[in-house]
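**Q** Dumping the structure here so I can ask a few things about it.
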Amino acid sequence: MKSFRYMTVSSDVSVTLHLFKTLNGSTRGDVRGPIRRHLNNRSDIRDLQSCLPVHLAMVAGIAMADRYRTRLVVSGDRTLWDPDWGDLCDVPAVVVLIVEDNALVRMGMSGSLAEEGFEVLEASNAAEALAMLTGHSAIGMMFTDINMGLGMDGLELAAIVHDRWPLVQIMVTSGRLDVDVHALPPGALFVAKPYSQDAVLETMQELVDNWQ
């Protein structure tokens with residue numbers, strides 16, 4: 001039987017089937033394509049299917065997911081889910097550690113991640129980051145700047161994290177032009193500054209989808 005992912009919030013990179021009851025007690029489903037694709041291409045707004053009966057919304061959601069070549073996730077009232085459609089599996093929030101010495105940049109990225117359903121921890125330098133990694137076994141991803149003033153830089157931090165916590169996915173960012181991406185640990189990703197928060201969030205969600 002096929003498994004469908006259940007999230008407490010709608011997904012911005014997958015097709016979402018949101019289940020709810022109307023004021024008169026009838027059950028409905030709201031199907032949306034990936035939101036960022038709507039923002040980048042307004043013509044895609046026609047792919048919004050609102051307030052369909054649940055069984056029709058399910059059919060529309062599967063068809064839309066096939067068209068976008070992505071997966072279907074479910075949000076809203078999970079009691080409305082029909083077991084005959086498949087298993088509904090909870091997706092726990094992914095814990096992301098943001099390591100950035102610029103407080104405004106760090107808070108902006110943290111806020112965007114939290115809005116997307118990630119659990120966020122913050123560190124202003126490598127020493128704080130290592131302390132958090134030691135004390136929080138649930139951290140699954142680290143997004144770190146390279147140049148953070150005094151002390152260990154982001155490349156050194158990435159190497160240590162890869163060695164000590166090999167299951168943590170690492171993303172490194174910098175505005176420097178002389179960054180040697182070959183110095184990154186295996187599997188780590190590099191994002192050049194200035195970066196698009198939307199692009200970073202979409203990459204993170206794709207990494208999460210690959211894990212789950």
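**Q** Could you list, in sequence order, the residues of the range 64-85 that are among the charged types (D, E, K, R) and in contact (Cβ under 8 Å) with a residue 40 or more places away in the chain?
**A** Selection gives R71, D77, R78.
**Q** Return yes or no: is V200 among the β-branched types (V, I, T) and either within 15 Å of E100 (Cβ to Cβ) or in a strand (DSSP E or B) (or both)?
**A** Yes.
**Q** Now for a separate question. Assigned to a helix (DSSP H, G or I), touching a residue at least 24 places away in the same chain (Cβ under 8 Å) and more than 23 Å from A103 (Cα to Cα): is that true of H182 in this structure?
**A** Spelling it out, it is not the case that H182 is assigned to a helix (DSSP H, G or I), touching a residue at least 24 places away in the same chain (Cβ under 8 Å) and more than 23 Å from A103 (Cα to Cα).
A quick yes/no check of all residues on (1) modelled with pLDDT of 85 or more; (2) in a helix (DSSP H, G or I); (3) assigned by TED's automatic domain parsing to the domain that holds S174:
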site	(1), (2), (3)
N24	yes, no, no
G29	yes, no, no
L39	no, yes, no
A63	yes, yes, no
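**Q** State which residue is modelled with the lowest pLDDT when the search covers only the range 126-143 and only residues that are more than 24 Å from A199 (Cα to Cα) and of a type outside the set (A, V, I, L, M, F, W, C).
**A** S137
**Q** To continue, here is another question. When you scan the range 156-163, do you find a residue that is closer than 30 Å to V73 by Cβ, touching a strand residue (DSSP E or B) at 6+ places or on another chain (Cβ under 9 Å) and of a type in the set (V, I, T), even just one?
**A** Yes, there is a match, as at least one residue in the range 156-163 is closer than 30 Å to V73 by Cβ, touching a strand residue (DSSP E or B) at 6+ places or on another chain (Cβ under 9 Å) and of a type in the set (V, I, T).
**Q** Here is a follow-up. Kindly evaluate M141 against the criterion of being of a type outside the set (V, I, T), out of contact with any Asp or Glu (no Cβ under 8 Å at 6 or more places or on another chain) and under 29 Å from C89 (Cα atoms).
**A** Here the answer is yes, as M141 does meet what is asked.
**Q** Scan the range 155-206 residue by residue and report those that are loosely packed, with under 15 Cβ neighbours inside 10 Å, of a type outside the set (D, E, K, R) and closer than 20 Å to H136 by Cβ.
**A** Across the range 155-206, the qualifying residues are P166, L167.
**Q** Continuing with this model, one more query. If you go through the range 79-107, how many residues are over 21 Å from G175 (Cβ atoms), part of a loop (DSSP other than H, G, I, E, B) and modelled with pLDDT of 90 or more?
**A** The first filter runs over the range 79-107 and keeps only residues over 21 Å from G175 (Cβ atoms), leaving 79-95.
Cutting the leftovers down to part of a loop (DSSP other than H, G, I, E, B) gives us 81-82, 86, 91-94.
Retained after the next criterion (residues that are modelled with pLDDT of 90 or more): 81-82, 86.
So the count comes out to 3.
The values are calculated or read from the model by the stated rules, or taken from the named source; none is laboratory data. Just so it is clear, the structure is predicted and the values come from calculations on it, not from any experiment. So basically every Cβ, Gly included, is an ideal-geometry build from the backbone, and we count neighbours across all protein chains shown.
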